[in-house]
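**Q** There's a structure below that I have some questions on.
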Amino acid sequence: MPKQNCKYWDKCYQRNEIHLQKYNHPETTGDKVANEENQSSTETETSDQESKNFQDTDNMPDKYETASLREEAMAKLSGKNYMARLQNRIKLSEQKEYDNLVQSNEFIRHKFLVEMPPDFYDFWKLLQELNPKQDGQEILLNMEKQFQLQLVGPFEFIAGKFQKAKIREPGDYLRHWRFFYDPPEFQTLFVRKSTGIHYGYWRDSPKENDNLLLARNDSRKNCEFVFIAGNIFEAFFYYLDKDFTPTPFTATIVVTTKKALQKFAEVHDIALDSLEKLRKKRNSKVVCKTFHRAGIVVPYDRKTQVGYRPLIESDSELKKILKIFEAGDRETSDPDDRIKTAVMEKLNPIAVAANIAVDECDFGTALELGIDLFCSGHKELHMLIQTLLVQAYSLLHRPQFIAIAKAHLEKRNHNNLSIFDLDN
């Protein structure tokens, strides 16, 4: 291997053997010129090698020879538009994942965080039999036209409405058709068009997916829920009898639909009188009623009385405290800090007692207070509500309800509840 020239040339002061063996010490200026030529030659060889390496990329396998990847590679080399291209690749990946997900019922669990019970799919099968020449979205329009009934949420998915829909944030799917007073335990299915009347499944645990009760609420009136059916077939019967007003033009079709529903239920062994049985079974597990009147269900040992203890204030006293907000609302459009402080001073001991209860494994107490404050509808309490519900649902191992509660409290509205009505 040729020796390098010492940078001090013939003026180098070192005389040790190792240094002399490693470096040349030219004595003439001509050698300096030679050294420069040697460096130039080395740079030329390096440049030739880099050129060769770059040319070798043209000989890569065919799968890499695409215009998009070549542009991306050049963008990386130049440092221009790299983040824009990266974001585009991420969007394409998300779109592909969405397109795959929307092809299966896994979409419901992934976006709404729950699974649908068998009677839900049976009811859709009935609608398809009643409308054999219509596709999914036509069936939805037909139900709305004939019965003033909007089938929403998971029905919109199974009808194909999400197929070409714009991808939204996770919270938008959790808020989809979630009315103002809907707790995380409730999932909307039916909506009486242009009203606050809506029906849906009630789950005390997000993992429940069979024998679910259906409840009804009119969000324009109050926060109270009433259990009206033991399956979706019963719920539809209830709607036709109680909330739908037939006209001379729809009377015949109502009768025909009811007969078809009864026949389908008989053939598929679907009970149309399961409400009382399921309600009685659930009532035996309810530990308190709460403001929405549906009550809450938590693990509770009646012998040791561990799992729940009542709030330190009665429902009537708690409502009196919350009415302080209403007094403030009459004076101004928004309660001032003085009113908020007055309410929080009275609520603080109740919240502290609920936290103590949680520390002693009475998780239902924090859930009760969180639900009661949620039902009050006062946005000034949203931070306290979230703290209570997150704590309770976490210890009760109901994480899906945490996500639903957070998303709802983030954007809690009376109107524009559908994901399809959001601004682009």
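**Q** Cβ contacts < 7 Å: first residue closer than 18 Å to His397 by Cα, restricted to segment 107-118; second residue of a type in the set (S, T, N, Q) and in a helix (DSSP H, G or I), any location; separation 6+ or different chain. Result?
**A** Matching pairs, first to second residue: Leu113/Gln400; Val114/Gln400.
**Q** Same structure again: Say whether the condition of being in the same structural domain as Pro154 (by the TED database), touching a residue at least 60 places away in the same chain (Cβ under 8 Å) and within 21 Å of Gln148 (Cα to Cα) is met by at least one residue in segment 274-283.
**A** no
**Q** Output the residues belonging to segment 364-418 that are touching a residue at least 24 places away in the same chain (Cβ under 8 Å), open to solvent by 10 Å² or more (accessible area, probe 1.4 Å) and not in a helix (DSSP H, G or I).
**A** Answer for segment 364-418, where residues must be touching a residue at least 24 places away in the same chain (Cβ under 8 Å), open to solvent by 10 Å² or more (accessible area, probe 1.4 Å) and not in a helix (DSSP H, G or I): Gly377, His378, Leu396, Arg398, Lys411, Arg412, Asn413, His414, Leu417.
**Q** Any residue in segment 283-291 that is open to solvent by 70 Å² or more (accessible area, probe 1.4 Å), assigned to a helix (DSSP H, G or I) and not β-branched (Val, Ile, Thr)?
**A** Yes, because at least one residue in segment 283-291 is open to solvent by 70 Å² or more (accessible area, probe 1.4 Å), assigned to a helix (DSSP H, G or I) and not β-branched (Val, Ile, Thr).
**Q** Which ones in segment 85-104 are within 13 Å of Phe162 (Cα to Cα) and either under 16 Å from the mean Cα position of the chain (by Cα) or without any contact (Cβ under 8 Å) to a residue 24 or more places away in the chain (or both)?
**A** Those that are within 13 Å of Phe162 (Cα to Cα) and either under 16 Å from the mean Cα position of the chain (by Cα) or without any contact (Cβ under 8 Å) to a residue 24 or more places away in the chain (or both): Tyr98, Asp99, Asn100, Leu101, Val102, Gln103, Ser104.
**Q** Might you let me know whether segment 208-226 holds any residue that is touching a Lys or Arg at 6+ places or on another chain (Cβ under 6 Å), open to solvent by 10 Å² or more (accessible area, probe 1.4 Å), touching a residue at least 24 places away in the same chain (Cβ under 8 Å) and of a type in the set (A, V, I, L, M, F, W, C)?
**A** Looking for residues that are touching a Lys or Arg at 6+ places or on another chain (Cβ under 6 Å), open to solvent by 10 Å² or more (accessible area, probe 1.4 Å), touching a residue at least 24 places away in the same chain (Cβ under 8 Å) and of a type in the set (A, V, I, L, M, F, W, C), one finds at least one in segment 208-226, hence yes.
Matching residues to (1) touching a strand residue (DSSP E or B) at 6+ places or on another chain (Cβ under 7 Å); (2) assigned by the TED database to the domain that holds Phe155; (3) closer than 20 Å to Ile419 by Cα:
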residue: Pro183; (1), (2), (3): no, yes, yes
residue: Phe190; (1), (2), (3): yes, yes, yes
residue: Ile197; (1), (2), (3): yes, yes, yes
residue: Asn209; (1), (2), (3): no, yes, no
residue: Arg216; (1), (2), (3): yes, yes, no
residue: Asn222; (1), (2), (3): no, yes, no
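**Q** Sort out which residues of segment 258-273 are assigned to a helix (DSSP H, G or I) and in contact with a helix residue (DSSP H, G or I) (Cβ under 7 Å, 6 or more places away or on another chain), and write them in order of number.
**A** Across segment 258-273, the qualifying residues are Lys258, Ala260, Leu261, Phe264, Ala265.
**Q** Something else now. Regarding Asp269, is this residue at positive phi, of a type outside the set (Gly, Ala, Ser) and open to solvent by 70 Å² or more (accessible area, probe 1.4 Å)?
**A** Yes, satisfied.
**Q** Okay, moving on. Considering only residues that are surrounded by fewer than 20 Cβ atoms within 10 Å (Cβ to Cβ) and touching a residue at least 24 places away in the same chain (Cβ under 8 Å), which ones fall in segment 137-147?
**A** Hits for segment 137-147 are Gln137, Glu144, Gln146.
The values are calculated or read from the model by the stated rules, or taken from the named source; none is laboratory data. Model, not experiment: these values are computed from the prediction. Neighbour counts run over all protein chains shown; Cβ positions are idealised from the backbone, glycine included. These area figures cover heavy atoms from the full protein model, side chains too; ligands, DNA and RNA do not enter into them. Shrake-Rupley method; radii C 1.70, N 1.55, O 1.52, S 1.80 Å.
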